[in-house]
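Working notes, beginning with the structure itself.
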């Protein structure tokens with residue numbers, strides 16, 4: 001076995017030894033979504049979202065730096081409000 005091959009084998013062995021020392025991956029529960037994710041979930045265009053925002057009919061949002069986040073609870077409240085509004089119009 002050549003010197004380079006032995007070095008590669010030692011390196012692989014060390015990597016295997018360290019693999020158990022790595023921290024387990026934690027599952028992070030997402031508490032909100034971006035405007036893009038919201039629009040994709042409700043199948044609306046971003047342009048319509050910002051028109052709703054101007055009209056005061058968009059879900060509550062949080063501004064984090066340059067990002068706008070919509071919590072799942074706010075999205076559910078928005079959906080219920082839109083459904084109630086549609087029921088009044090239909091009646």
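Looking only at the range 26-77, how many residues end up being in contact with a strand residue (DSSP E or B) (Cβ under 6 Å, 6 or more places away or on another chain) and surrounded by 16 or more Cβ atoms within 10 Å (Cβ to Cβ)?
Here the count works out to 9.
Which of (1) in a helix (DSSP H, G or I); (2) modelled with pLDDT under 75 does residue 11 not meet, given it meets every other one?
So the condition that residue 11 fails would be (2).
Considering the range 32-70 alone, what residues qualify as being assigned to a strand (DSSP E or B) and in contact with a helix residue (DSSP H, G or I) (Cβ under 9 Å, 6 or more places away or on another chain)?
32, 33, 62, 67, 68, 69, 70
The values are calculated or read from the model by the stated rules, or taken from the named source; none is laboratory data. Source: prediction; values computed, not measured. Glycine gets a Cβ as well: all are built from the backbone with ideal geometry, and neighbour counts include every protein chain shown.
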